[in-house]
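Data first, discussion second: the structure below is written as structure tokens.
The values are calculated or read from the model by the stated rules, or taken from the named source; none is laboratory data. Keep in mind the model is a prediction, meaning the values are calculated, not measured. Cβ sites come from the backbone with ideal geometry, for glycine too, and all protein chains shown count toward neighbours. Please note that ligands, DNA and RNA were not included when accessible areas were found on the heavy atoms of the full protein model with its side chains. Shrake-Rupley method; radii C 1.70, N 1.55, O 1.52, S 1.80 Å.
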Amino acid sequence: MAETVFAPWDDPNETPLITFQNVTKRFGDFVAIDDLTLDIFEREFFALLGPSGCGKTTMMRMLAGFENPTEGAISLAGKDIAGVPPNKRAVNMMFQSYALFPHLTVWDNIAFGLKRDNLSKDAVATRVEEMLKLTRLQKFARRKPHQISGGQRQRVALARSLAKAPKLLLLDEPLGALDKKLRQDTQFELMDIQEKTGTTFVIVTHDQEEAMTVASRVAVMDEGRIIQVATPERIYEGPNSVYVADFIGDVNILSGTAKPFGREMYQVDWGGGTLATAASAKPFSDGQSCHLAIRPEKISITADRPEADNAVQGKVLDIAYLGNLSTYYVELPTGQTIKAQTANTRRISRRTFTWEDPVWVSWTATAGVLLDS
Amino acid sequence: MRRALLISVPYFWLLVLFLVPFAMVFKISLSDSVLAIPPYAPTMKEGIWALLTQLDFENFTFLTTDDLYWKAYLSSVRIAAISTVLTLAVGYPVAYAMARAPEEWRATLMMLVILPFWTSFLIRVYAWIGILSTEGFLNQFLFGIGLISEPLTILNTPTAVYIGIVYTYVPFMILPIYAALERLDGSLIEAAEDLGCSRLQAFWLVTIPLSKNGIIAGCFLVFIPALGEFVIPSLLGGSSTLMIGKVLFEEFFSNRDWPVASAVAVILLLILIVPIILFQRNEQKQAEADQ
Ligand SMILES: Nc1ncnc2c1ncn2[C@@H]1O[C@H](COP(=O)(O)OP(=O)(O)O)[C@@H](O)[C@H]1O
Ligand SMILES: [Mg+2]
């Protein structure tokens, strides 16, 4: 029996938990969020991804109640939340800096929000113990924030923001301060906790790998606008613009003009000697300028001319050895370079190609995405 | 060797500028008053033996027989404590506003707080006589706007002393509190609000505890000098305020009873040692927390 896929965004009967309706936020003349419309559903792990300064934190702060939209409306569970102060929202935020209270112990930090709800002492204690257990912090309950490590501090911040069982948890670059190994462990921990608690998470990050790992959907932002919202696979395999293709992962962009060539097939004149064949559901007119985006791992590299929809010859300009993978930079006679990536299934001494070797790079008609901007 | 030298510098400083003068005062406090120059006996000239046999605690016993002294001590402690609380009440909001002011204003505001130190303390206290006296600026102003029909008597009352002390020492309260508040991370307040605090609760539960060290430092920096204050009570307090600094001055210069004056000073120092040690502890704790 197949499991039902979690995809409320595809179900027209689902009502979103959060709705941004034409939201604009200005600071003076500066437009931080520009006419943004977005739905986020319950139990989602939603990632906001974008370069620094694109307005991710501003969106979070509007959800938490620290900023109000200049125009448009944000609703949470169907209610417009404009003007509702932060302490009256069923939303908690894990701050980029953690913002742990330095004068309180780990225990009291976690209990801080619970005590504001006039719960009984026992209820507070039970909930705090629960949170300590969830984040594996029992041993550190009596310590002050400055007496624990960065990773532990980050877990305290998480426990504190989860303690009140908010409808919505906002995480602003929660793992920015951690080193890579710890970050990966924590990402899985976060996903685990999200699944256990059923809370809706909105996470801000500028690390695309992190967004791809944890999120049910990713929104790629630029200059206060959302460029694309989709599942990690769709964002990666079917970016809707050169910006998104370039932002997420590594990509070859071949720019040229399109020419219809059969049903949903186009030939792209990209100045590479031969025309490239590419499939595209999106229509292009004859002579329309376009960009063909192909991921390096979808490009094969061979010594002899292969049987493929597209093949061009060049020579190996550079090799980037990444351990498990190698990226070959192949220079074409026209001066362009194409990146091709292969898995290093053999030891490096047995590598097939080396610098200056003449090689063929090839890809299928469906390997790339044809984009108009 | 270098280390030892470095460590010895503050001790040397303490020895020369504190312990030696204190030993001299303490020695005088154990002497007898005589009509001579210097006005006490025995002196060093009479030799160590005479010195050791003639010294006694007579002056300290004398202090207990006249209730002027303990009343003056008590009154000083009370005035210093009340002034400290008043200074805190004035200084905290100022420090808070400074810490919240736009970044580019802060240096100017700080300058304004320090500016009064550029004029002599004595002149500034004198100026208050002109403000507070019966025909002073304050009464004239209140008359002018029709708020009073009888002039207020402020000068030569404890109120004038409180005004003087608060005015003089408020920068010492503002600066440490400002330092604490300026370092306070604004996201902590937001976190508190996010977790369900109202503005006021966030202030009480986060801002106040996190500026505690600044408050304590400020209170000691006001309380300690206010306790031995002499200029302000004698210029503004008239005869109605009793403070130990004034008693000390009178013993020394009017009565020329150096031994009794020294005994008064020794007791004052002993009273001050308690808050000074507490203050040091607080500073040390903060230094540790900062690491
Ligand atoms: N309070 C503010 N006043 C003025 N400009 C602001 C303010 N907050 C954010 N901005 C500006 O809005 C833009 C988006 O900021 P932010 O949301 O923090 O970006 P990020 O995506 O890096 O989190 C930035 O250019 C920033 O300078
Ligand atoms: Mg940010």
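Quick notes on this one:
- Calculated FRET efficiency, B:T159 to A:N118, Cβ-Cβ distance, R0 = 60 Å: about 0.85 to the nearest 0.05.
- Secondary-structure-derived ellipticity at 222 nm for chain B, considering helices only, amounts to -22500 deg cm²/dmol, per-run term -39500 (n - 2.57) for DSSP H runs with n ≥ 4.
- Inter-label distance, B:D66 to A:K79: 7.4 nm, where each label sits 7 Å from its Cα along the C-beta direction.
- Reducing the range B:43-59 and the range B:243-291 to their Cα centroids gives an inter-centroid distance of 25 Å.
- Taking amide H as placed 1.01 Å from N in the peptide plane, the amide H of A:I227 sits under 5 Å from that of A:V220, A:M221, A:D222, each at least 5 places away or on another chain.
- Chains A and B together, accessible area buried on both sides, 1.4 angstrom probe, square angstrom: 1700 Å²
- Per residue, the range A:250-371 exposes 53 Å² of solvent-accessible protein surface, assessed with a 1.4 angstrom probe and all protein chains in place.
- Legend: P(r) of chain B from all alpha carbon pair distances, 10 Å bins from 0, whole percents, reading 6, 20, 26, 24, 16, 7, 2, 0.
- Dipole moment magnitude, nearest 20 debye, the protein assembly as shown about Cα centre, only Lys, Arg, Asp, Glu C-beta charged: 1540 debye
- The trypsin sites (Lys or Arg not before Pro) of the range A:324-359 that DSSP puts in a loop, and whose beta carbon has at most 15 other beta carbons within 10 Å, are A:R346, A:R347, A:R351.
- Descending Cα extents along the principal axes, the range B:1-110, whole Å: 68, 52, 23
- Accessible surface of chain A, 1.4 Å probe, proportion on carbon and sulfur as whole %: 49 percent
- Probing with 1.4 Å while keeping every protein chain in the model, the per residue accessible area of the range A:62-205 equals 44 Å².
- Intensity falloff of the range A:250-371 expressed as log10 I(q)/I(0), Debye formula with alpha-carbon point scatterers, at q = 0.15, 0.19, 0.21 Å⁻¹: -0.65, -0.97, -1.14
- Most mobile of B:T43, B:T65, B:T53 in a GNM of chain B (Cα contacts under 10 Å): B:T53
- Averaged over A:84-94, number of beta-carbon atoms from partner chains that fall within 10 Å: 4
- Cα-based convex hull volume of the protein assembly as shown per residue, rounded to whole Å³: 303 Å³
- For chain B, built as a Gaussian network whose Cα springs stay under 10 Å, the top-fluctuating residue of B:L155, B:L181, B:L19: B:L19
- Value of [θ]222 nm, deg cm²/dmol, for chain A, DSSP H segments ≥ 4, -39500 (n - 2.57) each, nearest 500: -6500 deg cm²/dmol
- Label-to-label distance, nm, for residues given as A:F30 and A:R136 (7 Å Cα→Cβ offset): 4.0 nm
- Degrees between helix B:20-29 axis and first principal axis of chain B (Cα, 0 to 90, nearest 10): 60 degrees
- Leading residue at positive end of dipole, the range A:250-371 (Cβ point charges), from A:T327, A:L371, A:A279: A:T327
- Size-normalised alpha-carbon gyration radius of chain A, reference 2.2 N^0.38 Å: 1.18
- Taking 18 Å as the limit for the C-alpha separation, the pairs A:K79/A:K115; A:K298/A:K339; A:K79/A:K167 exceed it in the case of A:K79/A:K115.
- What chain B shows is 57 Å² of accessible area per residue, with the surface traced by a 1.4 Å probe over protein heavy atoms.
- Once you divide the Cα radius of gyration of the range A:306-373 by 2.2 N^0.38 Å, the number left is 1.19.
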